[in-house]
1. Roughly how large, in nm² to one decimal, is the mean projection of the convex hull of the alpha-carbon atoms in the range 187-289?
2. Taking Rh as the Kirkwood radius, which is the inverse of the mean 1/r over Cα pairs, what is the Rg/Rh value for the range 278-352?
3. What ranking, highest mean first, results for peptides 41-50, 182-191 when packing means the other Cβ atoms within 10 Å averaged over each residue?
4. Compute a Gaussian network model of the chain, connecting alpha carbons closer than 10 Å, and tell me which residue from 237, 124, 259 fluctuates the most.
5. If you line up the Cα atoms of the range 41-99 on their principal axes, what length do they span on each, largest first, in Å?
6. Can you work out the FRET efficiency for the pair residue 19 and residue 299, with r the C-beta to C-beta distance and R0 = 25 Å, to the nearest 0.05?
7. For a Förster distance of 22 Å, can you work out the FRET efficiency between the beta-carbons of residue 90 and residue 354, rounded to the nearest 0.05?
8. Quickly estimate the mean residue ellipticity at 222 nm for the chain, helices only: each DSSP H run with n ≥ 4 gives -39500 (n - 2.57), and the total goes over all residues, rounded to 500.
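Just so it is clear, none of the values below were taken in a lab; they were calculated from the coordinates. None of the values given here were measured: they were computed from a predicted structure. Every residue, glycine among them, receives a Cβ derived from its backbone with ideal geometry; neighbour counts consider all protein chains shown.
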């Protein structure tokens, strides 16, 4: 080998060992992926869902049902759009960011977790307001999902305090945070009557979907980076208790949405990555992987999967589209025997008759 070739090899080795990357991976022991067994047996129940193309953009990441029973969703363009009874679409507002989590309160006002901007509020009367951009001295860098308790408290997640979605995009920021696995996420609570916001739980490995339990005693949270669902006590008797109610999911959990019958819908946006699990306890190697071209790093795979769980974490239902007929499923909203299913990347939302 000539000197030029040796120099190139030395440069490549130096690059893989020492080139700066934005992540500082932490070691952890990923649970062994059991795959699609038991309650997760493969099926094609989701593949038959009707797909409704969204206007102008993509990524109807969350769907909320308004007081008149109409689905409302946010798009990558920043638009928040409502489907009318005749099938047409109306743009309610444009946040200027990336609206992810959506939830209507008892007044019919819409609360928005905008990944680029923070916690927002919209009503037809007052328009759009940005309410929370910082909590406990730390900027809200990746507002992800939102739900509202009966007492008016607005619970929302800040998926990552280290990797802001603004600038690189929500998907790209999530890959960095999950690869790092440092516990950068948090669950936050905003009290409209006082305008105060506090931290309900910190140290979450990509804090994603959030939902208040039907009995108002718990807040459920999807911890995407650890493949599990947590519940946090908010009642008088269980305040501050933290339990893992779903362990070792076969995919990355995204939104958590309550259903009328007391269950919760959870979207699994992608199957797990075998490479990511294998390298979980090797932070230095994960750092080397981050130096590879993006197409060689772990990526989300197009597999559709939506599950329903109860408050104890039992999996009641599993709907799948294993060939990616409708993929990157983030969650679902249920209304009058119609299941509206959201997606991170699709240019449509799906509707499944119950």
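1. 8.3
2. 1.12
3. Sorting 41-50, 182-191 by mean packing, highest first, produces 182-191, 41-50.
4. The residue that fluctuates most here is 237.
5. Result, largest extent first: 40, 25, 20 Å.
6. 0.75
7. So, using R0 = 22 Å, E works out to roughly 0.30.
8. Computed ellipticity for the chain at 222 nm equals -3500 deg cm²/dmol.
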